[in-house]
Amino acid sequence: MFVSGLIASSRERPEQAAILHADLDSFYASVEQRDNPRLRGRAVLVGGGVVLAASYEAKAFGVRTPMNVRQALSLCPNAIVVPPRMSAYSQASKAVFEIFRDTTPEVEGISIDEAFLDVAGLRRIAGAPVDIARDLRTRVRTEVGLPISVGVARTKFLAKVASAVSKPDGLLEVPPDQELEFLHPLPVERLWGVGEVTARELHERGITKVGQLADMGEGPLAAVLGPAIGKHLYALSWARDPRRVDTGRRRRSIGAQRALGRRHRSDEELEAYLHGLADRLGHRLRKARRVCRTIVLRMRFDDFTRATRSHTLPEATDSGQAVLRAARTLLAAALPLIHERGGLTLIGLSLTNLDHADTMQLSLPFEPRAESTLDSTLDALRDRFGAGTVTRAALLGKGEGLSVPILPD
């Protein structure tokens, strides 16, 4: 049986298990329980129309994200619904990441509530990786007041799986000589890249465990799932993951979304919300000194199915108007589908194919970019007085929507 803190002799290890995956448990809900004593030990739902986070007490009743709040309450009638407080979550995240970076300079943030840490070079000054992980958990609990689960393994993939298996509030090390013993009994859904569709394909062929997938072989897997995904999953099933912790990694995309609930929204309302999302993302893009080439419209329908539409621009941009024009074109093309499916419960926008603004190619006749523009003026106002200082008239009375905190770029 696999237990937390299982350690093999260093002489038996082909490589050291020195990558940590640290993941805060039910982050938003845990912050609410930390700050409000009456919520501790209770089922808590964070959100409005949609559940953004659920405490483990609520998850025990089958509540999941992003479930509709009414559906969640039908499963867990005693749950307490609280509105999100994004500023509190952002502050908590910053405090936790300070502990991460005080533990090791080798930190790769994945989101505001999880990160990979490489502690391979710290054995002489801080002890074994599992001891470092134990100390990190203690510090996060003591200094920030939040539970955190940590997986320790030789690869990023196994460390992430270990942290997930150890939840809630757990610690699990996977020694190199016991990786397959740990991995092969797990369900195939634990593998990165196995979503609902891929899992169904595998289950129809009687493949439910990682070990069964590994025994299937790369060739048969590729024949069923395609060469790329077949090769990827076969490698993971044998614990092969060569990626290292990347401290210099920059965001490959940025996005924002707005939950709409189940009330019917007119085409004009959808476009107004899209304007707000485009403004918000344009501001973030310019603040990070990035440019984008691809705009992606994300839609969720009443049955929780999703669809995306994308458009790639001929040249990279950080112009709010260019982003908005592309987004409006995508929305206009998607309206027949939206009407057919009975409307949206969520609309989102993502900017991908990001690059450094300094590498942006100037168009003929090579005139320098204007310093004083409407975008720069609005950015200055929002930076000085807050995100909601200036808004579009179409959004008056509707609010800016939630702005989910993100890691610094």
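Are any of the residues in the range 60-68 over 20 Å from the mean Cα position of the chain (by Cα), over 30 Å from R38 (Cβ atoms) and in the same structural domain as G48 (by TED's automatic domain parsing)? Checking the range 60-68: not a single residue is over 20 Å from the mean Cα position of the chain (by Cα), over 30 Å from R38 (Cβ atoms) and in the same structural domain as G48 (by TED's automatic domain parsing). When G282, G342, G348 are checked against the criterion of being outside any strand (DSSP E or B) and under 23 Å from V50 (Cα atoms), a single residue qualifies: G342. For the range 243-250, the condition of being of a type in the set (D, E, K, R), outside the structural domain of T104 (by TED's automatic domain parsing) and not in a loop (DSSP other than H, G, I, E, B) holds for none of the residues. Looking at the range 180-208 only, could you name the residues that are farther than 25 Å from K59 by Cα, buried (at least 16 other Cβ atoms within 10 Å of the Cβ) and modelled with pLDDT under 95? Once the filter is applied, which keeps residues that are farther than 25 Å from K59 by Cα, buried (at least 16 other Cβ atoms within 10 Å of the Cβ) and modelled with pLDDT under 95, the range 180-208 yields L202, I207. Screening A235, A228, A239, A259 for residues that are touching a strand residue (DSSP E or B) at 6+ places or on another chain (Cβ under 9 Å) and under 24 Å from F116 (Cβ atoms) leaves exactly one candidate, A239. Taking first residues from the range 172-188 that are over 16 Å from A235 (Cα atoms) and partners that are among the polar types (S, T, N, Q) and not in a helix (DSSP H, G or I), the Cβ contacts under 6 Å between residues at least 6 apart in sequence or on separate chains come to L172/S4.
If you filter the range 39-66 down to residues that are of a type in the set (A, V, I, L, M, F, W, C) and surrounded by fewer than 21 Cβ atoms within 10 Å (Cβ to Cβ), you find that the one that is nearest to G261 (Cα to Cα) is F61.
Only one of the numbered conditions (1) under 17 Å from R258 (Cβ atoms); (2) assigned to a helix (DSSP H, G or I); (3) among the aliphatic types (A, V, I, L, M) is not met by A332, and that is (1). Figure legend. Inter-residue proximity from the range 82-102: first residues in contact (Cβ under 8 Å) with a residue 60 or more places away in the chain, second residues part of a helix (DSSP H, G or I) and of a type in the set (A, V, I, L, M), beta-carbon distance below 7 Å, spacing 6+ or different chains. Indicated pairs: Y89/V31; A92/V31; A92/V144; V96/V140; V96/V144.
Condition test on L202, is it assigned to a helix (DSSP H, G or I), outside the structural domain of V96 (by TED's automatic domain parsing), more than 30 Å from A92 (Cα to Cα) and in contact with a Phe, Trp or Tyr (Cβ under 9 Å, 6 or more places away or on another chain)? So L202 does not fit the description; no. Is it the case that G320 is of a type outside the set (F, W, Y), under 25 Å from the mean Cα position of the chain (by Cα) and modelled with pLDDT under 85? Yes; evaluated as a whole, the condition is true for this residue.
So is V161 of a type in the set (V, I, T), assigned to a helix (DSSP H, G or I) and more than 14 Å from L225 (Cβ to Cβ) or not? Yes, satisfied.
Residue-by-condition table, conditions (1) among the small types (G, A, S); (2) in contact with a helix residue (DSSP H, G or I) (Cβ under 8 Å, 6 or more places away or on another chain); (3) surrounded by fewer than 20 Cβ atoms within 10 Å (Cβ to Cβ); (4) farther than 29 Å from W238 by Cβ:
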position: N78; (1), (2), (3), (4): no, no, yes, yes
position: S90; (1), (2), (3), (4): yes, no, yes, yes
position: A95; (1), (2), (3), (4): yes, yes, yes, yes
position: F100; (1), (2), (3), (4): no, yes, no, yes
position: D113; (1), (2), (3), (4): no, yes, no, yes
position: E143; (1), (2), (3), (4): no, yes, yes, yes
position: V150; (1), (2), (3), (4): no, yes, no, no
position: A153; (1), (2), (3), (4): yes, yes, no, no
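The values are calculated or read from the model by the stated rules, or taken from the named source; none is laboratory data. Note that the structure is predicted; figures quoted are calculated from it, not measured. Quick reminder, even Gly has a Cβ in these numbers, built from the backbone with ideal geometry, and neighbours come from all protein chains shown.
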